[in-house]
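The values are calculated or read from the model by the stated rules, or taken from the named source; none is laboratory data. Because the structure is predicted, anything quoted here is derived from the model rather than measured. We place every Cβ from the backbone using ideal geometry, glycine too, and count neighbours over all the protein chains shown.
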Amino acid sequence: MRNTVKLGSVSHAESYYDHDDYYRESGEAPSKWLGSGSDRLNLSGEVNREGFAELLRGKMPDGSVLGTVRNGKVERCPGWEATFSAPKSVSLAALVGGDHRLVDAHDNAVKEAFEWLEENVAQTRIREGNQITRERTGNLIGASFRHSTSREIDPNLHTHSLIVNATQDKDGRWRSLDSRELYRVQYESDRVYKQALARQARELGYDVERTEHGFELSEFTNSHRSEFSDRSKNMDEWLERRGLTRETASRAMREKAALATRKSKQKNVDREAMKADWRERERELGVDSRSIVEAAKTRGADRSAIQKEADQSAESAIVSAAKSLGERQSRFTKSELEREALRVAYGSPATNGDIKAAMAKAAEADRLIPRTVATENGQETGYTTVEAMRNEYRMLSAEKAGRGQAEPLKTVEDAEHAIERAESESPYPWTQGQKDAATGIMATDHRITAVQGYAGTAKTTTVLKTIAAEAQAQGYTVKGMAPTKSAAEQLSEGANIAQSETVAAHLVKTRSGRDEGPKEKELWVVDEASMLSAKDTQELLRASESANARVVLVGDVQQLGSVEAGEAFRQLQENGMETFVLDDVVRQQNADTREAVYASIEGETAKAMQAIERSGTITETLDEGQRRDEIAKEYLSLDKAEREQTLVIDPTRAGRQALNETIREGLKAEGTLYGEEIQTKTLEKKDLTNEQTKDASRYKEGDQVTFARDYQKAGIQKGEYYEVDRIDYKSQTVHLKDREGNEAQWKPKQFGNGNKVQAYEKQDTKIAAGDQIQWTKNDKDRGLNNGDRLTVDRVDKGTIYAKDARGKSHTIDTQEKGGKHFRHAYATTVHAAQGKTCNRVLANLSGKYKSLLNMRSFYTILSRAKNSVHLFTNDRKGVEKLISSRSGEKQTALESVKDRQKSKSQEKSMPEKQRDAGASNKPKEPEKAKNQRPEKEKGSRDEKRDEKSRESSGRDTGRSFDRGRERIRERVREMGR
């Protein structure tokens, strides 16, 4: 199902009855009812024209009429068309070679794919007052029409499956179908169809080989298939005349090519003459489909061997899919796992049924741990992995083991004196929250503590700088860390910490033992800790245990978290980590913008929007292109200094690129960009997990690949850039070429530790003098970090001469190895904007970006601006509701307090075996560390000192975060008054 099309009218659907290219053998019906929705209406066999038309009009057998009544008329979409097309070799074997078994196999595969659609996309929207919920229904009404030729009268076995806009809810009422999932799963349903068809072809005696978009029967050569592919040739020629290929053309351009080369359906075709023509063309080519078919029938197949291979492939696919999903999510839904596993198993004999069986087997063996997953459709069945649970358990255990295990840096009184000195040297007075946090961290006896600092609360230059200075004065070696190189440098500069590096670099040292040596007193200050994964956080905290280092984790749970799995910073706080809250926002100089930030922290999206309207603007424009033009126009209306203090934000990478291009056109028109303009190929990272980098099918011709180590057997050198020349799907080999044309054969599964491989896609980029560009890779040799901004002074052929923000000159030869890692810097994504501060924000918020808009991304956008925020949207109220309904929080592998509260009411009704399994998966209480100090005696000097510290700092272990949130709620309530 590579194409899903909305039916424009009932008459359009009825036109399938008028086509004369039905494939009929032995008088069989070319049309059939599909789906359990049809079964519920007792519809089977050949599709009745009149009855089908009534269903398309929304007239259900129970008398109900589906649709929306406007101005006295019922408005509705009749349904959708999904097309399933057999590979060319299957069409040749079935239609020219006469293997009617393959026609049956095609029908069976279509049925299996349709059943998959029912299970994964059939849902309806239910409105109750102002609330809209979605209900999974699991039933569709479908009608299939099997055809046998293309518009060029080539053999083309395909089925048009028409889906009626109706589904039955749990109460037995017929409702309109919510179609959004239907479009999102086009590729997945096509895989289900092709996997089922390929499996049956194997069982019928054919040899199946994997291709880029599916499979072919290897008995049919490329030239044989090409002879009967006039439709494809016409499209390729159309694209070639425009300097494009199917690989380089955009989806919109490919659709344009399909429409431009589409011929009208030929009617009244003499089918016997058509078949004779096909056989004559084969004779001229020296091939015979009928002989190939007879050989396949004679050869047969060992079905038990095929099933054994399918079982092994399915089990491997589940393991790989769980690893891949587990890199980004601690919990994933059953359907997500099924889809990813099907993608991994593509080309093997494993069908969707085999994948399901392997999933059940893995769950039974506790390799997959059952969990409920919160989605926009409500709570869904899902899983976590043993590794994810282990990471979180180790992380929580390491933090808990550090409680009461450190000598305080200072007494409360000495800490207060130190803060007085620091404040006297500061250009700004300290907030009470800053004083409390600094006092608490210096006076605590916990080895691991945290600062929950909301955006713009001046954490680094006050609290962290003072703590670092006092620790150094006490003989501590202070080390600064952050997830990114640029954040580590900002920490070093803002907190005056000489030794600062990325968390990844620090962990490499601890793994290799390079960080070992005389055990000195150490303090690790970890900024942007909320962006760390559970895996990295547990490794960091366990490394601190070995080094007996104190750790201060600094972050903001309300901003965007780690791209990788886990909510480590939030999870640690919820499990009692000593946390000090900075909730006095000082960044925003505009009261309304500050109010919007506070409201967004508290999830009060409507109040935040109202505040933005008072201090900035919200512009509503339906058309996406026009909306981007308006953003560019406002940016271009600013002078140079104002532009430098403005962030232009789009949630998507594609949107960022489109905005960059639109703004550049305006800059060229006004003369800011001048002189020679060059066009070069730049590199953008492919969004692959480590596990996915081991799959050859994830790469395509033209991709660039580089390696962090040598693979001598494959002829691969560390640091060299290779271009993907072609892919052998059967052997899972990627054929590479270096810049000199030397070839290398790389098997990603064999030579491809995910974190040692990086893949890129090429992108056309134009550069001229005056351009603003952003470097996108840490490059020690060039003295550039990921995220550094450069201003282009001039270009000369393939060389760019530019200066960074400090005025340092850089020469970038785009033909050199590694010289293509940059993009235009006029617009950015929300993730890239995190950590930045500006005077003004211009943001594109479209309801189209459902997966990227939530409370966290909204708060991150608003909190960048000191003064004003201008939001551009297609639907103000719709976006407001969308943001309010999505927290943006990731779920954790271990059950949270909320999980346990929800499960208590359900536990009694659970089967005993499931209750026992759930209990066995709960983490045990962490054991006391071997060097843990004894409990303090009640009334002792140590206990009294701790009590005084708590009173002075207004804190209690694990509680100050909640109190901070309550202070923000009170502010929001006051604003409402």
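Looking for something closer than 27 Å to residue 314 by Cα, modelled with pLDDT of 85 or more and surrounded by 16 or more Cβ atoms within 10 Å (Cβ to Cβ) - is there at least one such residue anywhere in segment 217-237?
The answer is yes; a qualifying residue exists.
Among the residues of segment 498-507, are any of a type in the set (S, T, N, Q), in contact with a helix residue (DSSP H, G or I) (Cβ under 7 Å, 6 or more places away or on another chain) and either over 18 Å from residue 892 (Cα atoms) or outside any loop (DSSP other than H, G, I, E, B) (or both)?
Taking every residue of segment 498-507 in turn, at least one turns out to be of a type in the set (S, T, N, Q), in contact with a helix residue (DSSP H, G or I) (Cβ under 7 Å, 6 or more places away or on another chain) and either over 18 Å from residue 892 (Cα atoms) or outside any loop (DSSP other than H, G, I, E, B) (or both).
Picking from 488, 415, which residue would you name as being assigned by the TED database to the domain that holds residue 547, surrounded by 18 or more Cβ atoms within 10 Å (Cβ to Cβ) and in contact with a Gly (Cβ under 8 Å, 6 or more places away or on another chain)?
It is 488.
Can you list residue pairs whose Cβ atoms sit under 8 Å apart, with the first residue in segment 571-584 being over 21 Å from residue 467 (Cα atoms) and at pLDDT 95 or above and the second being surrounded by 24 or more Cβ atoms within 10 Å (Cβ to Cβ) and small (Gly, Ala, Ser)? Count only pairs 6 or more apart in sequence or on different chains.
Final answer for the pair search is 571/534; 572/450.
For segment 636-680, name all the residues that are of a type in the set (Lys, Arg) and buried (at least 17 other Cβ atoms within 10 Å of the Cβ).
Once the filter is applied, which keeps residues that are of a type in the set (Lys, Arg) and buried (at least 17 other Cβ atoms within 10 Å of the Cβ), segment 636-680 yields 643, 656, 664.
Starting from residues that are aliphatic (A, V, I, L, M) and over 16 Å from residue 617 (Cα atoms), keep the ones in segment 837-866 and report whichever is farthest from the chain's Cα centre (by Cα).
855
I'd like to know if segment 537-555 contains one or more residues that are small (Gly, Ala, Ser), crowded, with 22+ Cβ neighbours inside 10 Å, in the same structural domain as residue 849 (by the TED database) and under 26 Å from the mean Cα position of the chain (by Cα).
Within segment 537-555 (the criterion being small (Gly, Ala, Ser), crowded, with 22+ Cβ neighbours inside 10 Å, in the same structural domain as residue 849 (by the TED database) and under 26 Å from the mean Cα position of the chain (by Cα)), the answer is no, since none of the residues qualifies.
Please determine, by comparing only the residues of segment 418-451 that are within 38 Å of the chain's Cα centre (by Cα) and part of a helix (DSSP H, G or I), which one is surrounded by the fewest Cβ atoms within 10 Å (Cβ to Cβ).
433
Return the only residue of 733, 706 being buried (at least 16 other Cβ atoms within 10 Å of the Cβ), closer than 27 Å to residue 779 by Cα and assigned by the TED database to the domain that holds residue 799.
706
Consider only pairs whose beta carbons are under 8 Å apart and that are at least six residues apart or on different chains; among these, list those whose first residue lies in segment 721-743 and is among the aliphatic types (A, V, I, L, M) and whose second residue is surrounded by fewer than 18 Cβ atoms within 10 Å (Cβ to Cβ) and part of a loop (DSSP other than H, G, I, E, B).
Taking only residues 6 or more apart or on different chains, the pairs are 724/700; 724/701; 724/702; 727/212; 727/700; 727/701; 734/747.
Kindly provide the set of residues from segment 9-18 that are surrounded by fewer than 18 Cβ atoms within 10 Å (Cβ to Cβ), in contact with a Pro (Cβ under 9 Å, 6 or more places away or on another chain) and at pLDDT below 80, ordered by number.
Within segment 9-18, just 12 meets the criteria.
List every residue pair whose Cβ atoms sit under 7 Å apart, with the two residues 6 or more apart in sequence or on different chains, where the first one lies in segment 72-84 and is of a type in the set (Asp, Glu) and the second, anywhere, is modelled with pLDDT of 85 or more and in a loop (DSSP other than H, G, I, E, B).
81/7
Listed residues 127, 146; which is basic (Lys, Arg) and out of contact with any Asp or Glu (no Cβ under 9 Å at 6 or more places or on another chain)?
One residue alone meets the criteria, 127.
Of the conditions (1) touching a residue at least 12 places away in the same chain (Cβ under 8 Å); (2) in a helix (DSSP H, G or I), residue 283 fails just one. Which one is it?
So the condition that residue 283 fails would be (1).
Does segment 317-326 contain any residue that is part of a strand (DSSP E or B), closer than 27 Å to residue 689 by Cα and free of Cβ contacts under 8 Å to residues at least 60 places away in the same chain?
There is no residue in segment 317-326 that is part of a strand (DSSP E or B), closer than 27 Å to residue 689 by Cα and free of Cβ contacts under 8 Å to residues at least 60 places away in the same chain.
Could you pull out every one of the strands (runs of 3 or more DSSP E) wholly within segment 110-214 that has 2 or more residues that are within 31 Å of the chain's Cα centre (by Cα) and among the polar types (S, T, N, Q)?
Hits in segment 110-214: 123-128, 131-136.
Being in a helix (DSSP H, G or I) and in contact with a helix residue (DSSP H, G or I) (Cβ under 8 Å, 6 or more places away or on another chain) is the filter here, so list the residues in segment 60-100 that pass it.
Those that are in a helix (DSSP H, G or I) and in contact with a helix residue (DSSP H, G or I) (Cβ under 8 Å, 6 or more places away or on another chain): 88, 89, 90, 92, 93, 94, 95, 96, 100.
What's the number of the only condition in (1) surrounded by fewer than 19 Cβ atoms within 10 Å (Cβ to Cβ); (2) under 22 Å from the mean Cα position of the chain (by Cα) that residue 390 fails to meet?
(2)
Could you grab me the full set of residues in segment 306-339 that are surrounded by fewer than 23 Cβ atoms within 10 Å (Cβ to Cβ) and over 19 Å from the mean Cα position of the chain (by Cα)?
Matches in segment 306-339: 306, 307, 308, 309, 311, 312, 313, 315, 316, 319.
Within segment 175-192, track down each residue that is closer than 11 Å to residue 124 by Cβ and either surrounded by 23 or more Cβ atoms within 10 Å (Cβ to Cβ) or at pLDDT 95 or above (or both).
177
Go through segment 630-674 and report how many residues are under 21 Å from residue 617 (Cα atoms) and outside any helix (DSSP H, G or I).
10
Regarding residue 525, is this residue farther than 18 Å from residue 831 by Cα and outside any helix (DSSP H, G or I)?
Considered against the rule, which asks whether it is farther than 18 Å from residue 831 by Cα and outside any helix (DSSP H, G or I), residue 525 comes out as yes.
Quick check on my filter: what residues within segment 528-558 are of a type in the set (A, V, I, L, M, F, W, C) and assigned to a strand (DSSP E or B)?
551, 552, 553, 554, listed by residue number.
Looking at segment 784-834 only, could you name the residues that are basic (Lys, Arg), assigned to a strand (DSSP E or B) and surrounded by 16 or more Cβ atoms within 10 Å (Cβ to Cβ)?
823
Yes or no: residue 109 among the aliphatic types (A, V, I, L, M) and over 30 Å from residue 880 (Cβ atoms)?
Judged against the criteria, residue 109 is a match.
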